[in-house]
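Here is the structure we will look at.
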Amino acid sequence: MTGIGRGIAHKLAEEGAHVAVNYRSREPEAAALLHDLEQAGASAIMVRADVSDRAGITRLFDEVHARFGRLDIFVANAARFLQRPIVDVTEDEFDTVFDTNVRGAFFCMQEAARRVGPGGRIIAISATGPVRPQATRAVYHASKAALEHFVKVLALELGPRNVTVNAVAPGVTRTEGMVDRNPTLERQAARDNPLGRIGEVQDIADVVAFVASDQARWITGQVIRANGGQA
C-alpha cells in the first residue's frame, strides 16, 4: 500500500483505529507501512488479498474479523490506472481495470455492508474524472463513475442501519508515481487549480478521516471532491 492508501492508514491509526493493511503484490511496501504503524504505537495487521478475486475478498474480511473482532470502517482504495486512447485499449487492459476498480470494489463494499455494525463507515476513493473527463482516461474514469453509483445506492440501502457510505474523490495528488509519470503534470495542474498547487496525500487522508468520524454522521451518499477546486 503506497501513496494515498498509505496516508489514509497513518491518519486513521493516529485517530485511534486498528488498521488492516491489504496488498496484492507489493509486499515490501506493505511490510514497511506495517512497521511504521507499529512503531507509532498502532495496532495493525497485514493481509495479502487480490480484491479482483471473490475468495480473496472473503479471506481479507475473515482475517480482519479474526484479529479485531469487528468492522467499523472500510476504505475501498485499491485501483488500477490506465491512460490510453479508446481506439488503443485492449480487452485485457479493459478487463484488468474493471476487475479491480469495479468488480473488486463492488464485492468489497458488499462484504463490508454485510459485516459493518451500526454507526459504521464505508468510504470509497474515486477521482475527478467522472465530472471532468480527460482524453486517454475513458476506461479509468468510467470505472470510478461506476464506483460513485455504488456509493449512492449502498447509502440508501444501509441508511436504516445507521451506516454511512460516501466517496472521496481526489484531484491531482502528489504520490510516488503520479508526478513521476509526467514531470510537467505538477506545474500544469497547479496552474489549473484555484488554490495554486496540487494536492498532498495528507489533504486526502484528512478528508477521509473526517468522513470516518462521528462529526460526519449526517453525511451519506455523497461524493466529496477533495481537489482544491479543480472540478
Comparing Thr220, Thr58, Thr100 in a Gaussian network model of the chain (Cα, 10 Å), the one with the largest mean-square fluctuation is Thr58
Measure off 7 Å from each Cα along the Cα-to-Cβ vector at Arg48 and Lys152, then give the distance between these two points in nanometres to one decimal.
-> 3.9 nm
Taking the Cα centre of each part, how many Å lie between region 72-126 and region 45-63?
-> 13 Å
In nanometres, what is the gap between the two model label sites at Phe210 and Ala66, each 7 Å from Cα along Cα-to-Cβ?
-> 3.8 nm
Say we join alpha carbon atoms closer than 10 Å with springs in a Gaussian network model of the chain; which of Ser43, Ser52, Ser126 then has the biggest fluctuation?
-> Ser43
Karplus-derived 3J(HN,Hα) from phi for region 117-125 (6.51 cos²θ - 1.76 cosθ + 1.60, θ = phi - 60°), whole Hz, x at Gly and Pro, runs x, x, x, x, 10, 10, 10, 10, 9
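Want the number for Arg115 to Gln83: 0.36 nm per residue separation, take away the alpha-carbon distance, what's left? Intermediate values should be presented prior to the final figure.
Values: separation 32, 0.36 × 32 = 11.52 nm, distance 3.49 nm.
Taking 0.36 nm per residue and subtracting the Cα distance, the gain is 8.0 nm.
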Most mobile of Gly56, Gly119, Gly196 in a GNM of the chain (Cα contacts under 10 Å) = Gly196
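By how many nm would the segment from Arg197 to Trp218 grow when fully extended, if each residue of separation counts as 0.36 nm and the alpha-carbon distance is taken off?
Fully extending the segment from Arg197 to Trp218 adds 4.5 nm.
In percent, how large is the relative contact order of region 125-231, given Cα pairs closer than 8 Å and 6 or more residues apart?
Numbers: 147 pairs, mean separation 37.5, N = 107.
Contact order relative to length: 35 percent.
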Pairs of Cα atoms under 8 Å, at least six residues apart: use those to get the relative contact order of region 189-231, whole percent.
-> 50 percent
Magnitude of the Cβ-charge dipole (Lys and Arg +1, Asp and Glu -1) of the chain about the Cα centre, nearest 20 debye, reported as 500 debye
With an 8 Å cut-off on Cα pairs and a minimum separation of 6 or more residues, tell me the relative contact order of the chain in percent.
-> 20 percent
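Give the average over all directions of the projected area of the C-alpha convex hull of region 70-224, one decimal, in nm². Walk me through the intermediate numbers first.
Details: hull surface 38.7 nm².
Over every viewing direction, the Cα hull of region 70-224 projects on average to 9.7 nm².
Read-outs: derived from the displayed coordinates by stated rules, not from any lab. Note that this is a predicted model, so its numbers are computed, not measured. Neighbour counts are summed over all protein chains in view; Cβ atoms, including those assigned to glycine, are modelled from backbone coordinates with ideal geometry.
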